[in-house]
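Q: Attaching a single structure in structure tokens format; questions to follow.
The values are calculated or read from the model by the stated rules, or taken from the named source; none is laboratory data. Here the structure is a predicted model, which means the values were calculated and not measured. Quick reminder, even Gly has a Cβ in these numbers, built from the backbone with ideal geometry, and neighbours come from all protein chains shown. Ligands, DNA and RNA are excluded from the accessible area calculation, which covers all protein heavy atoms including side chains. Shrake-Rupley method; radii C 1.70, N 1.55, O 1.52, S 1.80 Å.
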Amino acid sequence: MSDGLWVLFVTAAVFTVASLIALWVTARRDPRRLRCAVLLLIAAFWLLVTLVTASPMFGERGQTIFLVIAGVLLVAWLAAMGMLPLLLVIDGLIVLRREGIRSRTGLLVLAAGIALLLLPGVTASLARNDRWWSMALFTLVTFIGTYLGTFLVVMLAQFVVRALFGGRRRVPDPDVLIVLGSGLINGKVPPLLASRLDRALQVSAEEALQGRRPMFVVSGGRGSDEPRAGAEAMAEYLTSRGVPDERIIVEDRSRSTRENLVNSTRLLRERGIGGPMLAVTSSYHTTRTDVLAADLRLDDVFVTGAHTPGAYLREYIGVLTYRLPLNIGVGIFCVVAAVAMAWATSRVG
């Protein structure tokens with residue numbers, strides 16, 4: 001190995017170890033933060049560089065193996081990005097089928113998928129036009145597409161972080177179980193919502209073995225097309241399965257995940273109930289709920305999920321909408337940079 005390659009190997013190895021230590025410390029403190037996902041990606045990048053630079057140590061065959069691994073990972077990442085538009089369209093259709101044509105999340109996911117499907121044709125058309133505004137639009141679309149793709153990779157990494165550090169393990173003895181609502185069907189608890197309630201009952205049964213009796217908070221308001229609030233139906237579901245009324249707190253005003261968490265924790269504070277809390281939702285919804293709880297600085301709230309199939313990419317759109325200041329800042333930067341680059345290019349030409 002040459003001196004230059006050796007220096008690169010040592011540098012990459014040091015950065016890999018430093019990134020892994022930072023990830024471990026940060027995730028142990030609070031795995032809900034997206035910075036954990038960023039640290040995981042940084043560690044993965046430096047680990048890959050370390051392996052590639054170390055390949056000459058293992059001879060020609062070892063070098064070939066490492067380069068093949070790096071190539072497979074790169075191709076897999078590009079393939080995943082290429083499939084993203086189609087997956088978003090499918091995800092959006094699933095959400096609209098389950099939640100109705102008025103679902104804002106479903107419409108956003110579907111629109112994002114369609115926009116990305118049209119993106120190659122739009123960018124190709126812009127690239128063929130020599131006018132400065134066409135170059136500006138081309139650059140702007142490229143920047144925004146890169147940002148959205150990067151944010152998706154961060155979200156996928158956060159799923160991994162949550163699997164390794166988060167969930168039920170973070171709060172083994174919750175004092176409160178907050179069950180997040182979803183839509184009712186004809187005023188009744190549908191299977192999706194029943195799975196969340198059953199998961200809460202399962203956790204309660206596990207705690208009962210240790211002599212603990214956590215409170216339940218059922219959180220869900222009344223939709224415009226529903227005969228009653230979701231929390232009312234959820235409370236009935238629990239009482240029909242043996243949970244006494246005095247262990248159930250009904251929060252019937254929430255219309256979103258944010259309101260679920262804010263209204264439920266406020267009710268608990270008003271009643272003087274504290275301690276660790278476990279929010280119960282669907283498995284596909286756990287990462288977004290985790291991130292939102294961290295954003296709201298609800299340090300005592302952690303999340304567990306009922307194993308249910310769902311539209312996972314809608315959660316990417318959901319978390320993206322939580323980052324409004326970041327999105328505005330990135331958007332302004334992209335516009336200014338695109339116009340500046342296009343103007344400079346036209347002046348040079």
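Q: On the protein heavy atoms, probe 1.4 angstrom, tell me the percent of accessible surface of the chain carried by carbon and sulfur.
A: Carbon and sulfur: 65 percent of the exposed surface of the chain.
Q: Let me ask another. Which value in deg cm²/dmol, rounded to the nearest 500, describes the helix-derived mean residue ellipticity at 222 nm for the chain, given -39,500 (n - 2.57) per DSSP H run of n ≥ 4 and division by the residue count?
A: So the helix-based figure for the chain works out to -23500 deg cm²/dmol.
Q: Still on this structure, I have one more. Relative to the longest principal Cα axis of the chain, at what angle does helix 59-99 sit, 0 to 90 degrees, rounded to 10?
A: Roughly 50 degrees, rounded to the nearest 10.
Q: Could I ask something else about it? Once the whole set of protein chains is in place, how much accessible area is left on TRP343, using a 1.4 Å probe, in Å² to the nearest 10?
A: 150
Q: For the chain, modelled as a GNM with alpha-carbon contacts under 10 angstrom, which of ALA76, ALA44, ALA157 fluctuates the most?
A: Largest GNM mean-square fluctuation: ALA76.
Q: Measuring from label point to label point, each 7 Å out along Cα→Cβ, what is the MET83 to PHE333 span in nm?
A: 3.0
Q: Here is a further query. Ranking request for peptides 65-72, 110-117: highest mean number of other beta-carbon atoms within 10 Å first, then the rest in descending order. Write down the numbers at each step before the final one.
A: Details: 65-72: 13.2, 110-117: 18.0.
The packing order, highest mean first, is 110-117, 65-72.
Q: Given a 10 angstrom Cα cut-off, can you work out which residue in ALA194, ALA337, ALA27 is the most mobile in a GNM of the chain?
A: The residue that fluctuates most here is ALA337.
Q: Build a GNM of the chain with springs between Cα atoms under 10 Å: which of PRO174, PRO227, PRO85 gets the top mean-square fluctuation?
A: PRO227
Q: Residue by residue through the stretch 224-235, what is 3J(HN,Hα) from phi via Karplus (6.51 cos²θ - 1.76 cosθ + 1.60, θ = phi - 60°)? Round to whole Hz and write x for glycine and proline.
A: 3J(HN,Hα) across the stretch 224-235, in whole Hz: 5, 10, 10, x, 7, 5, x, 4, 5, 5, 5, 4.
Q: Sticking with this one: Would you kindly state how much longer the chain becomes between TRP24 and ASP300 on full extension, computed as 0.36 nm times their sequence separation minus their alpha carbon distance, in nm to one decimal?
A: 97.4 nm
Q: In whole Hz and in residue order, list the ³J(HN,Hα) couplings for the stretch 147-160 that follow from phi through the Karplus curve 6.51 cos²θ - 1.76 cosθ + 1.60, θ = phi - 60°; x for Gly and Pro.
A: 5, 5, x, 5, 5, 5, 4, 4, 5, 4, 5, 5, 4, 5
Q: Hey, another quick one. Using the heavy atoms of the protein chains and a 1.4 angstrom probe, tell me the accessible area per residue for the chain in square angstrom.
A: Per-residue value: 54 Å².
Q: Using only Cα atoms, tell me the angle between helix 34-54 and the longest principal axis of the chain; keep it within 0 to 90° and round to the nearest 10.
A: Approximately 40 degrees, to the nearest ten.
Q: Let me ask something else. Quick check: Cα centre of the stretch 149-166 to Cα centre of the stretch 201-260, how many Å?
A: Centre-to-centre (Cα) distance: 29 Å.
Q: Distance in nm between label sites at ALA340 and LEU156, each 7 Å beyond Cα in the beta-carbon direction?
A: 3.1
Q: Amide H to amide H, which residues 5 or more places from SER282 or on other chains are under 5 Å from it, using H placed in the peptide plane?
A: For SER282, the qualifying residues are ALA306.
Q: Moving to a separate point now. So what does GLU246 come to for accessible area, using a 1.4 Å probe and Å² rounded to 10?
A: 130
Q: Using θ = phi - 60° and the Karplus form 6.51 cos²θ - 1.76 cosθ + 1.60, what ³J(HN,Hα) does each residue of the stretch 11-27 get, whole Hz, x for Gly and Pro?
A: Here the 3J(HN,Hα) series is 4, 5, 5, 5, 5, 4, 5, 4, 5, 5, 5, 4, 4, 4, 5, 5, 5 Hz.
Q: Heads up, I need the accessible area for ILE185: 1.4 angstrom probe, whole protein in place, Å², nearest 10.
A: 100
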